[in-house]
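Input: a single structure, listed below in structure tokens.
The values are calculated or read from the model by the stated rules, or taken from the named source; none is laboratory data. For clarity, every value in this text was computed on a predicted model and none was experimentally measured. In this analysis, Cβ positions are derived from the backbone assuming ideal geometry, glycine residues included, and neighbour counts consider all displayed protein chains.
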Amino acid sequence: MGKYDYTKINLIAHRFLLNSCSPQYPINIYSEISKIKNIQLITYEEWDNFLGRKIGRLASSYSPDAFTYNHPQLGFILAYNNKTSPYHRQRIQRIRFSLAHELGHILLGHFDKQGGSLIKNGSPKDPFMEKEADLFAAETLAPRSLINPYRGQNEIAKYFDISTSAARISLYYKRNYSSNSFNEDKNLFNHFKYIERNFFLHTPPRNLIRNNDFDPSLTYEFLGVIFHFCKSCHHIDIVENRNYKFCTLCGSNNLLLVSKDNYFEFHEAEEQTAFIDQEENGDMHYTKLKLDADGRLEEKCPRCENEDLRGSYCNICGAGIINKCSGNHIGSLWRPACIGHLLGADRFCPQCGATSTFLEEGLLEEYTKTKKNNLEKKTPKLA
Ligand SMILES: [Zn+2]
Ligand SMILES: [Zn+2]
Ligand SMILES: [Zn+2]
Ligand SMILES: [Zn+2]
């Protein structure tokens, strides 16, 4: 055993995980820290707006990544930088590590030890405490008992959503310090058992799962794209000069506008749900009909297979072949329909949440039906 008290660091990390975390990895470190009463998580921008002026220093002058301030009235303020562009995957992993590292300073009692009210990330003042906080972060984000030592650092990095250099530390730690000697480690292993099984047996890392509706490049890099995430059905709509108030797939108005300013919070709080949804329901192939520049169906009529489509209606079966807002609000009163045409995958009008004419006419399937069919297709495979 070196000069670091690994046992103590592990105990504190495991206690934190057992108390607060749902058995799921990658751990959502942002939401887990948010649950702790005397810690306030804020961005550098928020620090500069609210406290920077009072205290007289801008956040970025303390540290490029994160720092913790022990405020006499407000408790621990953990400030992190979420504004460095572009939002590469590594950047997000770095924020995750910084948050866990800062949490380590707080839970390991470094504030009592050092006596001051501010701890900066990477401060050369006390390299010992910095290393302790790093070990805490490594054990929290990728606990040794959940790591298969025969897997490579890249796979571990992807699985736990940490950088490859952090994965290297975790692997080193795993190989050199057996986890059998700690009772708490066994509890942790049981706590995360189902994840452990998945990791060995093995479902692909969530970031590698591909999906029609989900551009995988979005999950790796964030290059100024703005999109809407539907908290109800987990669908993503890229904003293309449209005013989105409602989800075009399920009609819910529970939308989150994601831009570079809140991409990290989205990544930590919501992005995983989209992938978990996919894992549970299989690849979702929501029908998207091909339209021409006027919004008219460009393929054959899905209802009667008529290929000669002109005007506004199919001349064989009478289906409306331009997707529009119907004005029909499910479970509510009809209101005048919006003007203009909708896109080929729209089940609902993004402006008012009414059904689309394609959904009403049965040219597009309800998304819950697609989900159900997917599940039925998937079930025999499990037997
Ligand atoms: Zn530090
Ligand atoms: Zn939705
Ligand atoms: Zn037809
Ligand atoms: Zn409408």
Helices (runs of 4 or more DSSP H) completely within region 20-138 that count 3 or more residues being modelled with pLDDT of 90 or more and more than 30 Å from Thr273 (Cβ to Cβ): none
For region 319-352, what are the residues that are more than 16 Å from ligand 3 (Cβ to nearest atom), in contact (Cβ under 8 Å) with a residue 40 or more places away in the chain and not in a loop (DSSP other than H, G, I, E, B)? His341, Phe348
Evaluate the following for Asn323: is it modelled with pLDDT of 95 or more, in contact with a His (Cβ under 9 Å, 6 or more places away or on another chain) and not charged (D, E, K, R)? yes
Do the conditions hold for Phe97, that is, is it out of contact with any His (no Cβ under 9 Å at 6 or more places or on another chain) and in contact (Cβ under 8 Å) with a residue 24 or more places away in the chain? yes
Yes or no: region 358-378 includes at least one residue that is hydroxyl-bearing (Ser, Thr, Tyr), within 18 Å of Lys288 (Cα to Cα) and at pLDDT 90 or above. no
Which residue out of Gly340, Gly331 is at pLDDT below 95 and within 21 Å of Asp294 (Cα to Cα)? Gly340
Identify, please: which residue in region 322-352 is of a type in the set (Lys, Arg) and within 11 Å of ligand 4 (Cβ to nearest atom) and is, among those, nearest to Leu297 (Cα to Cα)? Lys324
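Yes/no matrix, rows are residues, columns are (1) in contact with a Pro (Cβ under 8 Å, 6 or more places away or on another chain); (2) under 30 Å from Tyr25 (Cα atoms); (3) modelled with pLDDT of 90 or more:
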site	(1), (2), (3)
Cys233	no, yes, no
Tyr244	yes, no, no
Cys250	no, yes, yes
Phe264	no, yes, no
Glu268	no, yes, no
Asp283	no, yes, no
Could you check how many residues of region 139-162 are without any contact (Cβ under 8 Å) to a residue 24 or more places away in the chain and either under 21 Å from Ser63 (Cα atoms) or part of a helix (DSSP H, G or I) (or both)? 3
